[in-house]
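These notes are about the structure you will find just below.
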Amino acid sequence: MKLKNLVVVITGASSGIGRATALKLAKKGSNLVLAARRKKALEDLAYECVKLGGKAIAVSTDVSEETEIKILIDKAITEYGKVDVWINNAAVTVLGRLEDIPSEDLKKVLDTNLLGYAYGAKHIVPHFKDNRQGILINVGSVASIAGEPFAIPYSMTQFGIRGLSLSLAEELSDIEGIHICSIIPDTTDTPIYNQAANYMGKRIVAPGNPLSPHIVADQIVKLIAKPKAETFIERKKRFSKLFRFLGRKRFNKDYREAVLTGHFSLEDTKNTKGNLYQSNERCATISGGWEIDSPSRKIPGSFLFGSVVFSSLALLFTILLGKKRRVPKLLEKI
């Protein structure tokens, strides 16, 4: 599919992967509808996109509100006459032990991440059906493969998003021109960690060596040109699949420790609701500043990498010793 003049709606466009994707599509001459809660950040981004050669409008949108999704679609069609691609990308998160997370915060994460995606899909699919074509891209996470301790609400939504994508793809498989796609990236250097709600009592950091948002955005652009069901983006590791293959008990213990040492610093902090209910204009950037050499990273996440190496070696020895063990279908594809 040619990207020039393609009409693309991006939720969560004001920062991170969404912002990076918007700028890359603008360079290709796409017509963009930029959606997020931060109005000024969206307007600034729209201006940047126009300078790069695209067209863009900014629509302040809270995806957890179904009525606002409907308004977003109406404005997109009014401005450009159609929607070719819908990218569900808006997300928030809360970290802490499940019993310590307020129920209203749990609900807000579910409403934004899962229902926000479902609302987008529900209301754009009829438009795609009318045109007999369209691409829906759901930006997910490796948290949809292995449950993430101390980030249970977020992980719940990621499993749900993956289920939404796979199920909807089956439901619409009789319409050749409609594609339902998932991007499933590893930990990515975005501001989501800078503005996460936090009930752990320790400062949050991005674990390991996070991907650049530009890498994920590049894959989204490629996916628009050539749609496929699932695209995994990982940095030299497939720890979630390896750990599950090696055994749930060992995986759970290692992964729990990896998250504790790699996702939280030793620095004490007060509980915060982050950006769950109010957006943060200061975090309207592509990067969250979580590069591996950044001074903001007080805990390097070395335990995580050590666990990955251990798991890889254990898998290799299992194969070399000739133990017959059925490989799950998920692993066969990787």
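The values are calculated or read from the model by the stated rules, or taken from the named source; none is laboratory data. Not measured: the values here are computed from a predicted model. Reconstructed Cβ throughout: ideal geometry from the backbone, glycine too, with neighbour counts over all protein chains shown.
Condition check for LEU266 on (1) farther than 15 Å from LEU95 by Cβ; (2) among the hydrophobic types (A, V, I, L, M, F, W, C); (3) crowded, with 18+ Cβ neighbours inside 10 Å: one failure, at (3). Within the option set ILE137, ILE77, ILE124, ILE87, being over 21 Å from the mean Cα position of the chain (by Cα) and of a type outside the set (Gly, Ala, Ser) holds for one residue only, ILE77.
Taking segment 143-161 as the range and being closer than 15 Å to LEU114 by Cα, of a type in the set (A, V, I, L, M) and touching a residue at least 24 places away in the same chain (Cβ under 8 Å) as the test, the residues that pass are ALA151, ILE152, MET156, ILE161.
Let's see how each residue does on (1) in contact with an Asp or Glu (Cβ under 6 Å, 6 or more places away or on another chain); (2) farther than 27 Å from ARG38 by Cβ; (3) of a type in the set (Val, Ile, Thr):
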{"position": "GLY96", "(1), (2), (3)": "no, no, no"}
{"position": "ASP100", "(1), (2), (3)": "no, yes, no"}
{"position": "ASN138", "(1), (2), (3)": "no, no, no"}
{"position": "VAL142", "(1), (2), (3)": "yes, no, yes"}
{"position": "PRO153", "(1), (2), (3)": "no, no, no"}
{"position": "GLN158", "(1), (2), (3)": "no, no, no"}
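With respect to the stated conditions, ALA91 is among the hydrophobic types (A, V, I, L, M, F, W, C), buried (at least 22 other Cβ atoms within 10 Å of the Cβ), out of contact with any Lys or Arg (no Cβ under 9 Å at 6 or more places or on another chain) and under 16 Å from SER15 (Cβ atoms).
Conditions tested, residue by residue: (1) surrounded by fewer than 23 Cβ atoms within 10 Å (Cβ to Cβ); (2) hydrophobic (A, V, I, L, M, F, W, C).
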{"site": "ILE178", "(1), (2)": "yes, yes"}
{"site": "THR190", "(1), (2)": "no, no"}
{"site": "TYR193", "(1), (2)": "no, no"}
{"site": "ASN209", "(1), (2)": "yes, no"}
{"site": "VAL216", "(1), (2)": "no, yes"}
{"site": "ALA225", "(1), (2)": "yes, yes"}
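Given the options LYS28, LYS40, name the one that is under 17 Å from VAL216 (Cβ atoms) and over 21 Å from the mean Cα position of the chain (by Cα). So that I can check it myself, show each step before the final result.
Values: LYS40 fails: under 17 Å from VAL216 (Cβ atoms).
When all the criteria are applied, what remains is LYS28.
Of the candidates ASP84, ASP74, the single residue that is in contact with a strand residue (DSSP E or B) (Cβ under 6 Å, 6 or more places away or on another chain) and within 22 Å of ARG132 (Cβ to Cβ) is ASP84.
Scanning segment 39-67 for residues that are in a loop (DSSP other than H, G, I, E, B) and buried (at least 24 other Cβ atoms within 10 Å of the Cβ) yields GLY54, THR61, VAL63.
Against the condition modelled with pLDDT of 80 or more and assigned to a strand (DSSP E or B), how does LEU266 come out, does it pass? It is true that LEU266 is modelled with pLDDT of 80 or more and assigned to a strand (DSSP E or B).
When residues in segment 1-38 are screened for being of a type in the set (Lys, Arg) and surrounded by fewer than 20 Cβ atoms within 10 Å (Cβ to Cβ), 5 of them pass.
Pairs are defined by a Cβ separation below 6 Å, a sequence spacing of at least 6 or placement on different chains, a first member in segment 1-14 that is under 19 Å from HIS179 (Cα atoms) and touching a residue at least 24 places away in the same chain (Cβ under 8 Å), and a second member that is part of a loop (DSSP other than H, G, I, E, B) and among the acidic types (Asp, Glu); the pairs so defined are LEU6/ASP84; VAL7/ASP84. Scanning segment 68-102 for residues that are under 24 Å from ASN194 (Cβ atoms) and not in a strand (DSSP E or B) yields ASN89, ALA90, ALA91, VAL92, THR93, GLY96, ARG97, LEU98, ASP100, ILE101, PRO102.
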